[in-house]
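A quick write-up on the structure given underneath.
Every read-out reported here was derived from the displayed coordinates using simple, explicitly stated rules and does not represent laboratory data. If you're wondering where the values come from, they're calculated on a predicted model, not measured in any experiment. Here the Cβ is made from the backbone with ideal geometry for all residues, glycine too, and neighbour counts use every protein chain on show.
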Amino acid sequence: MVRGEDWSEEEVQQTIADYFEMLRKQNAGIAFVKAEHNRKLRERLSERSKGAVEFKHMNISAVLHAHGLPWLQGYAPAAHVQQLLEDSIIRFVEARTHQDRAVPVSNGSVRERLRERVLAILGNPES
């Protein structure tokens, strides 16, 4: 892939997974280096720059922030987010929590279900 081209679904999913790994560490108080995560992620992506990965992380922060969820410190929510990214985050979260019977499954709105599942992934389901 050449720089400037749209991100593939695989690239987006890998970036979301990396983001949630860092978010879990942040939530648990475990130290990590964002620059190292960025470097390792770029090794798996198709020619994405450090800035492109950082901006994608900021887009993920924006989606979580819009749903009232915690987001990574240092990756402030970006102003413009594509619906495709929000859909990809929902698919990622649902795939990670689908088999876990401990994750609450409500009949609420997409926002409520997303919130429940993200908090479960982070290890602090709401009571």
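With +1 on the Cβ of every Lys and Arg and -1 on the Cβ of every Asp and Glu, and nothing else charged, how large is the dipole of region 4-57 about its Cα centre, in debye rounded to the nearest 20? Walk me through the intermediate numbers first.
Numbers: 10 positive and 11 negative charges, 80 e Å.
For this selection, approximately 380 debye.
Under a Cβ-Cβ cut-off of 9 Å, what is the net charge of the residues other than His57 that fall near it, where Lys and Arg count +1 and Asp and Glu count -1?
On the way: positive: Lys34, Lys56; negative: Asp18, Glu54.
Neighbourhood net charge equals 0.
If I stretch the segment between Leu84 and Ala35 completely, what's the gain in nm (0.36 nm per residue apart, minus their alpha carbon distance), one decimal? Can you show the working numbers first?
On the way: separation 49, 0.36 × 49 = 17.64 nm, distance 2.54 nm.
So the chain would gain 15.1 nm between Leu84 and Ala35.
Compute, for region 9-121, the length of the dipole vector about the Cα centre, with Cβ point charges of +1 (Lys, Arg) and -1 (Asp, Glu) only. Units Debye, rounded to 20. Kindly include the intermediate steps, with their values, before the conclusion.
Details: 17 positive and 15 negative charges, 58 e Å.
Taking the Cα centre of region 9-121 as origin, the dipole is about 280 debye.
What does the net charge come to around Asn38 if you take all other residues with beta carbon closer than 15 Å to its beta carbon, with K and R at +1 and D and E at -1? Please report the intermediate quantities before stating the final value.
Details: positive: Lys25, Lys34, Arg39, Lys40, Arg42, Arg44, Arg48, Lys50, Lys56; negative: Glu11, Asp18, Glu21, Glu36, Glu43, Glu47, Glu54.
Overall, the nearby charge balance is +2.
Work out, step by step, the length gained on full extension between Leu122 and Ala66: first 0.36 nm times the residue separation, then minus their alpha carbon distance; give nm to one decimal.
Details: separation 56, 0.36 × 56 = 20.16 nm, distance 1.75 nm.
Full-extension gain reported as 18.4 nm.
Please give the contour-minus-distance gain from Lys50 to Ala28: 0.36 nm per residue of separation, less the Cα-Cα distance, rounded to one decimal in nm. Numbers along the way, then the final one.
Values: separation 22, 0.36 × 22 = 7.92 nm, distance 2.55 nm.
Gain on extension, Lys50 to Ala28, equals 5.4 nm.
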